[in-house]
Amino acid sequence: MVEASPKVVVVVPTYNERENLPVLAGLLTDLAVPNLHLLVVDDNSPDGTGEIADKLAADSAGTVGVLHRTEKDGLGRAYLAGMARALDEGADVVVQMDADLSHPASAIPAMVSTLLADEGTAVVLGSRYVPGGSTAAEWPWHRKALSAWANFYVNAILGLGVRDATAGFKAWRASALRAIDLPTVQSNGYSFQVEMNYRAVQHGLAIREVPIRFEERIEGASKMSIGVQVESALAPWKLRFNREGQGA
């Protein structure tokens, strides 16, 4: 009897990504990853992204699913909803990635194989800051400096011990997501990525990194607002003080 391949579910939150979503779906279909599924989490996009996702699902023979949410309440909430659905539907590996094509789908096979090669590995980051990784060539120097500073800042406060602490492209073991207690995750926006890494470290879970080239989005607008930036700056301190206040 041939053992079934682990079920890999790629969770992709969307808001006004009608141009990018079909491209991403095609890239995922072309990957040599058995039992790969796409779960689109659409926050009621006014541009019709949800309808496009439904069509992709209808044409996919069961490999594409759609979770429609009625309001846009942050990237973190969308990821948590998608992860919970993926776990409920029997995912063995959950990959989180953006819909804007900044995360290279071509890196998923290496991320999944790295995760599954060692039972002690709980999560694999697609990392810009390990050897072989890079940021978009289009980024101006001050944006590259801000990104590098953000990673230094987070690690200095929380001691995560990873090069790309703010990475949003990750492959998780289902068991790791259950261990870190998703329903109690508080951060939203981009600080969600930091809290997820922090929880993994606090639970003694091993994080590995594989290099990626991070690209600039081609279509659509960035979701990075001033409010999101402020939340991201405060999040490491909240996490640290919460731990100390609880006697961790």
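The values are calculated or read from the model by the stated rules, or taken from the named source; none is laboratory data. Keep in mind that what you see is a predicted model, and the values were worked out from it rather than measured. Note: ideal-geometry Cβ built from the backbone for every residue, glycine included; neighbour counts use all protein chains shown. Each accessible area value is taken on the protein alone, full model and side chains, heavy atoms only, with ligands, DNA and RNA left out. Shrake-Rupley method; radii C 1.70, N 1.55, O 1.52, S 1.80 Å.
Residue count for the stretch 91-130 under the criterion of being touching a Leu at 6+ places or on another chain (Cβ under 7 Å) and assigned to a loop (DSSP other than H, G, I, E, B): the result is 2. Among residues of the stretch 155-178 that are at pLDDT 95 or above, those with a Cβ under 6 angstrom from a residue that is open to solvent by less than 40 Å² (accessible area, probe 1.4 Å) and polar (S, T, N, Q), sequence gap 6+ or separate chain, pair up as K170/Q96.
Looking only at residues in the stretch 168-211 that are among the basic types (K, R), more than 19 Å from G133 (Cβ to Cβ) and buried (at least 19 other Cβ atoms within 10 Å of the Cβ), the one that is nearest to the chain's Cα centre (by Cα) is R173. If you go through the stretch 175-200 and pick out every residue that is part of a loop (DSSP other than H, G, I, E, B), touching a helix residue (DSSP H, G or I) at 6+ places or on another chain (Cβ under 7 Å) and closer than 12 Å to A84 by Cβ, you end up with 1.
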